[in-house]
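Remarks on the structure that follows.
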C-alpha cells in the first residue's frame, strides 16, 4: 500500500521512479581505433582476423592464452589479455581484486602499473563488464586525468562497483581524446561461493599457512575458509576495494606503514560489517601503531611471558606455555577469558577482535589445538553482516529506502495539480455563465468583448504564478543522509537522486568527504531505464566529478556514498534501562541541533516525541511505550501513525515521508551485528536541520533531509540468561527463499515451516507467543511444533494460548533445534494478508 502511495502521490513522483540502465557506448574495433593518433606517442595497431582467435598479444609463454596475475604471492586469478591498440612507448600491467581474487557482486580495485618512455598528459579510462559484441551493455565508465614524465613508472587505481563477468576495457587517451593505447582483459571473477574470506596482513609470508584447513560455523552450516594475502602497496585505500573480504587478520605487521587513506578505508570497512582481528604478542606496538584512539581506545603496558589456557565450547582446555602476552585493556570491549583474554569490540555493523598474544608465535602455532583456536577466534568475530554475505544475501534493503527518502525531500515543495484544475474550472465559470448573467442584469452585454479577455488575462497570470513552483531550470538534487553519532567517529551514508531539467549532459562535483561515490543500479529505484544513459566517474587532482547524459527531460541517476569523519554533531546522552517488556529512563539531545520526530525503539517496543530542542531531555516510562506490530514492517509503528495522522495514514503524504524514514532506520537496526543472547538493542533516531549534500557548488537546485541515530546493545534489567524477542531471527533458512517475509513476517502461503536453531548453552526454558489475540492478522494462525519423541507435529499455540514451558516444552527442543509449522486461516481462493505471530524465547541463567 505504502509503495503504491509513494508512486501515485504526485505526477512528479511518477516521473522520478522510472528505472535506470546506465550505458556507455565505446567502439572497440580496430578500424575505428585506427583513426586515433597522438602527437606525443607513436601508435601501432595489431591486425586481427575475422574470428579474433589470433588476436592475443603480449602474453606469457603459455599455450592456453592466459597469464597469471603478476602480483607477488598471488594465489588466485588468471587473466586473458588482448591488445587492441599497441604503442611502443607504453607498457601496462594490470592487477585486480585482492591477491587476484574478485567476486561478481562485490566492489573491487583495479590497479594499472604503466611505464611510459615519453612525457604524456591525458587520461586513463576503465570500463568494467565490457562486451565487445554489444558495446552498449557496459555499466559505467571510470576515468582519471594523468600527467606523466618521460621514462616514468606510474600507478593508476580504480575502484569499481563490481567487475561483472565481462571483460575490462582499458584505454589511454591524449588531451584531445584520441586513443593511443587500448587493451581488453578477461579477469577470473568468482560467483557466489559459501565460504568465509580472510585477508592476512603480515610481514611473515608463511603466516597462517594452515588457515584454509579451518572451518567456521555459521547459523545454519559449517563453511570453509579462503585465505587472501594482502600487501602494503596493493592494500586498497577505498571501502569498495575491501568488499570481498569478511575478516582482516593482522599479525607481525607495522600498521603505521599503511597510508592515511588505507587506514580510513580499513576503519570504514569495519563500520560496514567487516571483522578486524589484531594478533598482538610482543609486536603489539607495531600492530596497533597505525590506529588512533578514536577507533580503538586502549591502554597498553608492554608484554610479558605467560601460560595461556584456552577452553573450547565442549569444556576441554589447551595450555600454551611461555607465550608473549600483551598487557592491554580495550575500552568498551567484552573480554573472553575462555580464549585467554581476547577482547571483542562491536563497532558499527562490524567487530574488532584483539588477541593479546600472537596466533603465529611458536608456542601457539605449534600447539595441538592451533586449528581449533583459530576457529574459535573467527567465531568470536562472526557477525550478522558476515553471515548475510556468506549465506548469499547481498541485497541492501535500506539502500532502496535511502533513495525513496531522497525523493521524499522534495515531495511537500511542489504544488498539487488539483490547484490547476480548480483555477481552470473557476476561470471557465467566471468567464462564461457568471459574466454573461451579471452583464445581462446590468444590461451591458456588449461589454463581453472586454470582460472575457480580461478574465483570460487574470487566469493566465494565476496559472503562471502557480506554475513557477514547478519551474525547473537547473538540475534537481534530492538527498537523504543518515549519520551514526554513537561515538566520536561518525559514519555517514548519503543517497542522492539527481534529475536533469531537460535532455542534456550534466556534471556533478562530488564533495571531497565522499570519495567512494557510486551509481546505484535499477534495483534501488533508479530512473530512465527505458533510455540509454552515458555515465562517467572522472577523477583528477581537483576531486571527483560524475558526468551523465540524459536523453529525455527529467531523466536522472541515483548515487550512494559514505564517509567516516570526526563527530562534529554531538551525541545522544541516555540513562535508559532495557526490559523485555519495554524501556524506561531519559534521553538528552546533546547536539547543537533541534530535533524533530524523535523515535526511541527496542525489540518490540517504541516511544515517539514530536520535537526535542538542543540541550533538552525527555523522560520515558514503560506505560508510555507502544508495542510494535508485525515485526520490522513498514507500518509496525501503526499506533503512532494513527495517533498522529488518523486511521487513513496510508493515504497521507506527510505520513508517507515519516514512514519511509522510519523504515529505513528499522532496516538499519535489523542489520546491526548480533549481540549476545542475554542483551537487546536500543535505537534512537531523529531528523535535524543540517545540510545533506553529496556535491560541491551550486550548479543544482538542492533539497535534503538529515537523520542522526544511535544503535547500541544493552543488558536486560529483568533477565538472567538468554532471551530472543523474535525467534525467527534464528531461522536457518531465512537467508534463502522462504514462505514469509523475513522483515515484516507476512506469510506467503497457507503453511510455513520454520527451523529454529538456538545457540549452545541457551538452555531455553520458555517459549511465548507475544501477539495479542486482538491482532486479527495473527490471532487465528495455528502454531505447531515438531515432537522429537513421537515424530509428529503437535499444536502448541491456538485459540489464545500464549506460553509453553518446562516439561511441556522439552519434547520440542533437541540439540538446540526447534521446528515450527504455522498454518494460516486462508480459505480456498480467499487470500487475506496474514502475519506470523511474534514468538519469543527465554533461557535459564548461565
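The values are calculated or read from the model by the stated rules, or taken from the named source; none is laboratory data. Just so it is clear, the structure is predicted and the values come from calculations on it, not from any experiment. Using ideal geometry, Cβ is built from the backbone for each residue, glycine included, and neighbour counts are taken over all protein chains shown.
The table for this structure:
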item: Answer residue from the stretch 766-786, given it is in contact with a helix residue (DSSP H, G or I) (Cβ under 7 Å, 6 or more places away or on another chain) and either on the phi > 0 side of the Ramachandran plot or at pLDDT 80 or above (or both) and is surrounded by the fewest Cβ atoms within 10 Å (Cβ to Cβ) among those; result: 786
item: Residue match in the stretch 263-276 (condition: without any contact (Cβ under 8 Å) to a residue 60 or more places away in the chain and either crowded, with 22+ Cβ neighbours inside 10 Å or outside the structural domain of residue 234 (by TED's automatic domain parsing) (or both)); result: yes
item: Qualifying residue in the stretch 732-740 (condition: in contact (Cβ under 8 Å) with a residue 24 or more places away in the chain, farther than 21 Å from residue 787 by Cα and either assigned to a strand (DSSP E or B) or more than 27 Å from the chain's Cα centre (by Cα) (or both)); result: yes
item: Condition check for residue 748: in contact with a helix residue (DSSP H, G or I) (Cβ under 8 Å, 6 or more places away or on another chain) and either modelled with pLDDT under 80 or over 30 Å from residue 544 (Cβ atoms) (or both); result: no
item: Residue within the stretch 303-326 that is over 29 Å from the mean Cα position of the chain (by Cα), surrounded by 21 or more Cβ atoms within 10 Å (Cβ to Cβ) and not in a strand (DSSP E or B) present; result: no
item: Filter result (within 23 Å of the chain's Cα centre (by Cα), over 13 Å from residue 602 (Cα atoms) and surrounded by 17 or more Cβ atoms within 10 Å (Cβ to Cβ)) within the stretch 711-731; result: 728, 730, 731
item: Test: residue in the stretch 340-359 that is part of a helix (DSSP H, G or I), in the same structural domain as residue 283 (by TED's automatic domain parsing), free of Cβ contacts under 8 Å to residues at least 40 places away in the same chain and closer than 19 Å to residue 252 by Cα; result: no
item: The stretch 109-127: number of residues that are in contact (Cβ under 8 Å) with a residue 60 or more places away in the chain and not in a strand (DSSP E or B); result: 2
item: Residue within the stretch 140-150 that is assigned to a loop (DSSP other than H, G, I, E, B), farther than 21 Å from residue 100 by Cα and touching a residue at least 40 places away in the same chain (Cβ under 8 Å) present; result: yes
item: Of the criteria (1) touching a helix residue (DSSP H, G or I) at 6+ places or on another chain (Cβ under 7 Å); (2) under 17 Å from residue 404 (Cβ atoms); (3) modelled with pLDDT of 85 or more; (4) crowded, with 18+ Cβ neighbours inside 10 Å, which one residue 632 fails; result: (3)
item: Test: residue in the stretch 620-627 that is in the same structural domain as residue 665 (by TED's automatic domain parsing) and touching a helix residue (DSSP H, G or I) at 6+ places or on another chain (Cβ under 9 Å); result: yes
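The rows are residues; the columns are (1) closer than 18 Å to residue 89 by Cα; (2) surrounded by 18 or more Cβ atoms within 10 Å (Cβ to Cβ); (3) at pLDDT below 95.
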| residue | (1), (2), (3) |
| --- | --- |
| 103 | no, yes, yes |
| 108 | no, yes, yes |
| 115 | yes, no, no |
| 129 | no, yes, yes |
| 135 | no, no, yes |
| 140 | no, yes, yes |
| 159 | no, yes, yes |
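Let's see how each residue does on (1) in a loop (DSSP other than H, G, I, E, B); (2) in contact with a strand residue (DSSP E or B) (Cβ under 7 Å, 6 or more places away or on another chain); (3) under 18 Å from residue 264 (Cα atoms); (4) at pLDDT below 80:
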| position | (1), (2), (3), (4) |
| --- | --- |
| 471 | yes, no, no, yes |
| 477 | no, yes, no, no |
| 483 | no, yes, yes, no |
| 490 | no, yes, yes, no |
| 496 | no, yes, no, no |
| 513 | yes, yes, yes, no |
| 523 | no, no, no, yes |
| 529 | yes, no, no, yes |
| 537 | no, yes, no, no |
